[in-house]
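Down below is the structure, laid out as structure tokens.
The values are calculated or read from the model by the stated rules, or taken from the named source; none is laboratory data. From a predicted model like this one, the values you see are computed outputs, not experimental measurements. Counting neighbours? That spans all protein chains shown, and the Cβs are built from the backbone with ideal geometry, glycine included. The protein model used for the area step is the full one, side chains on, heavy atoms only, and it has no ligands, DNA or RNA in it. Shrake-Rupley method; radii C 1.70, N 1.55, O 1.52, S 1.80 Å.
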Amino acid sequence: MVTLIHDLRYAVRMLVKNPGFTIVAVLTLALGIGANTTIFSVINATLLRPLAFPDPDRLVLVWETFGKGPDNINIVSAPNIWDFKRQAKSFAGMAIFDSAGRGYNLSPTGTKQEAEQVSGLRVSADFFPTLGVKPLLGRTFLPEEETLGRDREVVLSYGLWKNRYNGDPALVGKTIKIDGEDFTLVGVMPREFQWQFWSGPRQLWVPVGYTKTDFGRGDNSFICIARLKPGVTMAQAKAEMEAIASGVRQQYPKEDANMGATVTPLGEFGMENLKATLLVLLAAVGFVLLIACVNVANLMLARGAARQKEFAIRRALGAAGSRIALQMLTESLLLSLLGGAAGLLLAIWSNQALFHVFQLDKMHLPLRAVNSLSVDGRVFVFTLLVSWLTGVLFGLAPAVSAIRGEVSDPLKEGGRGSTPGGGMLLRNALVTSEVALALVVLCGAGLMIKSLSLLLGVDPGLNPKNVLTMRMSVPQDEIYVGPPGLPRFCQDLDEHVSAIPGVVSAGAIAHLPFEGNAGRGFQIEGQPPAKPGEMPGANYSVACPNYFRTMGIPILRGREFKQQDTLNSEGVIVINETMARKFWPKDDPIGKAIRLGGSDGPRLTVVGVFGDVHHTGLDSPIQRQFMRPYMQAGWPVMSVVVRTANAPGTFAAPIKKAIAEFLPDRPVSDVEAMEDVVRNSTGSRRFPMLLLSGFALLALALAAIGIAGVVAYSVSQRTHEIGIRMALGAGPRNVLALVLRRGLTWVFAGVALGILGSLALTRLLAGLLFEVKPADPLVLGSVAALLSLVAAIANYIPARRATKVDPMVALRYE
């Protein structure tokens, strides 16, 4: 301990004695360690924090499956889940919740005089007990409250209860107005309970209230969550569910043909892409840290070379080489801890900037609401560990170099601090390594940039300019496929909103592009009936007249919907071009018909074909799609779309006012320009691209600084040699060529190694790329050329300085 304290004191004195070296080394390390801490903070907030439920590892999702492969899981139907629940022995509890959720309209109250729409969810009575959470006030739902007509109870989130109802505990047991109807408030959840699944946090929950459509085995509209009994493994639960599904399939061969069942961990759902993205970013910042370590190692080597005489004297006086190496390592560790402390401060600032710039609180991660990027104990330990490893990593080479060679060598020639050739060789090898590391990071960034540029160049199939969108709830009794609850909704919307000066047209759709779709099966009229389990299907939505015109979606054949397409007229649909090619490749689909849900379902005639739209994302293939008019098949949540003459954001207030004129108790929410909707759909690619590009620029800058530093040190060590060459007749060009040739040799070696490393490592990016191969020759060549150019400039600056050496001064150089 005494020796350690002595070494620390000596290290502090040496670092204070050389403030320039200390500041440069600490800042270099702070950049590398801070970048790693920032990315680890994101990983900690999104992947490492356990779910906020008791024994979260025992919570699983139960899925129906069809066919084989990783993407065969499907949401479940209520009757199948009832069978699963009756027969399964592996679960302590099993519950379902609505896969979509929707907005619920809260009527004005004494504390809030404005109507408000909040996000809610239909859940079964055992939803909260299965999760293992209890209400702060009151109770949750009873089994008998799942029945339609007896489902007028509600449980509020803590935030909604506190903000809208002033946290009044006396409100429990009383009624509140939701969608214009009386609901009894039976409970309030605790502050720490948050539930989000495929969307933002839910603010209220109501009993599932099974409708007529929920009783169909083919109507998959729920997600099932279950809790494993203590001691039951995931493999045992999977095997049991496969066996139960086999029995259900045999009992209902028509409805459940090819149906199976499986379970997956709740905590892992929907995290695969994010996990891959964050691991790639962590690898990139790891490379940046390695480059920073190489730079500091080179600084330490140069400083150690200047102290060779000091080390030689200490060894001549009897000091062991290991004692000197330990002293050098102590200095390195102290430097790395200082760099880690500065990096931690940098990460705290970066976390705040990252959180707000990328709006991480709007990353709708399943079950994980990212409310902040904090530096907790796990992040602190990570930073400390990285700092310690960094100190060992960049301090090892200088420590070994300090005790190499004979004791007498540095004491010769009047004490001139010459360095052995091996020291310069090591520094050049380090330059090669940092060039290779920088090239790998740059290649990753280049691939992401090209991928995003190609993605942004994809035609979405619509014209988002000057279109404003907003969501509103339009309740109806028979959810999803029943008749419209407000038959005049489309007509009233058109009359009131289109009358606003500057509004070109207005419409509405159940599923806004880039926000997903529902699916429906059907039988094509005039074709042989499909076998059980093989019914054709397509994405399904409902829309108002003028929707296609408002969104700039072309009608290729036939017509779009009219206000006259009502329940009293012929059932009609419009289909996209992909669906037309699939089912009527040689015929005109206009006038053809389908039977929704099967041969005994409602007959729907095709009246129009519209252009393909990327409804699930610019990077997703076009899928088959058909739409029904809202006037014939309502939907509980509609997205209003309004095309304006200019600046759509300025029309939000008058549009809200116009809607309130005919639907005063149904407020709108999620007001957003369609251009932003399209832009946000690329967020999962934009986020890693921007971060990786930033890390690549940092790696490039550090590599350039490191190259220039090594070449400058090499020139200073060879000043005597350069003076002799110039005295013997060598000109500035000869000296310039000599320095550049030797410097660039190591750079080009690094470029070659970097290309090989990129070919191997950029394959990890394959899942994040769009129409770009990991070994893209254009990206690889461009990055190699850019890095070579920067390295050449970094070599040229000190090489140019070497040509200005005065031969007479150089010959006297000691």
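Put +1 on the Cβ of each Lys and Arg and -1 on the Cβ of each Asp and Glu in the range 461-536; which of 485, 469, 528 then has its Cα farthest toward the positive end of the dipole?
Result: 469.
For the pair residue 785 and residue 752, what calculated FRET efficiency results from E = 1/(1 + (r/R0)^6), where r is the Cβ-Cβ distance and R0 = 22 Å, to the nearest 0.05?
Numbers: r = 14 Å, r/R0 = 0.62.
My answer for the efficiency is 0.95.
Mean Kyte-Doolittle of at least -0.5 and a Cα length of 24 Å or more along the axis: which whole DSSP H helices of the chain meet both? Walk me through the numbers on the way to the answer.
Values: long enough: 19-43 (35 Å, 1.72); 234-251 (26 Å, -0.31); 272-306 (51 Å, 1.64); 321-357 (52 Å, 1.10); 377-402 (37 Å, 1.64); 421-456 (53 Å, 1.56); 683-717 (51 Å, 1.37); 732-761 (42 Å, 1.30); 777-802 (37 Å, 1.32).
Within the chain the helices that satisfy the rule are 19-43, 234-251, 272-306, 321-357, 377-402, 421-456, 683-717, 732-761, 777-802.
Which cysteines does the chain leave without a neighbouring Cys Cβ under 4.7 Å?
Flagged as lacking a Cys partner: 224, 293, 443.
Using the Karplus curve 6.51 cos²θ - 1.76 cosθ + 1.60 with θ = phi - 60°, what ³J(HN,Hα) values do you get for each residue of the range 541-553, in whole Hz, with x for Gly and Pro?
Values, residue by residue: 7, 10, 8, 8, x, 6, 4, 5, 5, 5, 8, x, 9 Hz.
For the range 7-164, with the dipole built from +1 on Lys and Arg beta-carbon atoms and -1 on Asp and Glu ones, taken about the Cα centre, which of 93, 53, 76 lies farthest toward the positive end?
About the Cα centre, the residue reaching furthest to the positive side is 53.
Give me the one-decimal nm value for the distance between modelled label points at residue 646 and residue 690, 7 Å along each residue's Cα-to-Cβ direction.
Using points 7 Å along Cα→Cβ, the separation is 2.8 nm.
What is the gain in length, in nm to one decimal, between residue 163 and residue 669 on full extension, counting 0.36 nm per residue of separation less the C-alpha to C-alpha distance? Show your work: numbers first, answer last.
Numbers: separation 506, 0.36 × 506 = 182.16 nm, distance 1.72 nm.
Net length gain for the segment: 180.4 nm.
With no solvent and one equal point scatterer placed on each C-alpha of the chain, evaluate the Debye formula and give log10 I(q)/I(0) for q = 0.07, 0.08, 0.11 Å⁻¹, two decimals.
For the chain at q = 0.07, 0.08, 0.11 Å⁻¹, log10 I(q)/I(0) is -0.69, -0.83, -1.25.
Starting from the Kirkwood Rh over alpha-carbon pairs, what translational D in µm² s⁻¹ does the range 71-140 have by Stokes-Einstein at 37 °C and 0.692 mPa s? Intermediate results must be reported in sequence, preceding the final value.
Values: Rh = 15.1 Å.
The Stokes-Einstein estimate is 218 µm²/s.
Work out, in µm²/s and without decimals, the Stokes-Einstein translational diffusion coefficient of the range 134-174 at 10 °C, 1.306 mPa s, Rh from Kirkwood over C-alpha pairs. Numbers along the way, then the final one.
Working: Rh = 11.4 Å.
Estimated diffusion coefficient is 140 µm²/s.
Using r as the Cβ-Cβ distance of residue 243 and residue 736, and R0 as 60 Å, what FRET efficiency do you calculate, to the nearest 0.05? Write down the numbers at each step before the final one.
Working: r = 79 Å, r/R0 = 1.31.
Efficiency, from the Cβ-Cβ distance: 0.15.
Given 10 °C and 1.306 mPa s, compute D for the range 71-230 with the Stokes-Einstein relation, Rh being the Kirkwood radius over Cα pairs; round to the nearest whole µm²/s. Show your work: numbers first, answer last.
On the way: Rh = 16.4 Å.
Here the translational diffusion coefficient equals 97 µm²/s.
Measure up 85/177; 562/656; 238/582; 162/656; 85/134; 85/162 against 29 Å on the Cα-Cα distance and list the ones that go over. Each step should come with its number before you reach the end.
Values: 85/177 34 Å; 562/656 24 Å; 238/582 36 Å; 162/656 26 Å; 85/134 22 Å; 85/162 36 Å.
Beyond 29 Å: 85/177; 238/582; 85/162.
Ordered by residue, what ³J(HN,Hα) values in Hz, to whole numbers, does the range 592-597 give under the Karplus form 6.51 cos²θ - 1.76 cosθ + 1.60, where θ = phi - 60° and Gly and Pro are x?
Calculated HN-Hα couplings, in order: 6, 9, 10, 10, 5, x Hz.
Residue by residue, what Karplus-based ³J(HN,Hα) values in Hz, rounded to whole numbers, does the range 766-775 have, using 6.51, -1.76 and 1.60 with θ = phi - 60° and x for Gly and Pro?
Each residue's phi maps through the Karplus curve to give 3, x, 9, 9, 10, 6, 9, 8, x, 9 Hz.
Using modelled amide H (1.01 Å from N, peptide plane; none on Pro or chain starts), what sits under 5 Å from the amide H of residue 519, excluding residues fewer than 5 places away?
Excluding prolines and chain starts, which carry no amide H, the hits are 540.
As a test of reading the structure, rank 256, 459 by solvent-accessible area (1.4 Å probe, protein chains only), most first.
Per-residue accessible area, sorted high to low, gives 459, 256.
Non-local amide H neighbours of residue 93 (under 5 Å, H modeled in plane, Pro and chain starts lacking H): which ones?
Amide H neighbours of residue 93, under 5 Å, 5+ apart: 227.
Amide H to amide H, which residues 5 or more places from residue 137 or on other chains are under 5 Å from it, using H placed in the peptide plane?
Answer set, sorted by chain and number: 188.
About the Cα centre of the chain, how large is the charge dipole given +1 on each Lys and Arg Cβ and -1 on each Asp and Glu Cβ? Please answer in debye to the nearest 20.
Values: 79 positive and 65 negative charges, 656 e Å.
Result for the chain is approximately 3160 debye, rounded to the nearest 20.
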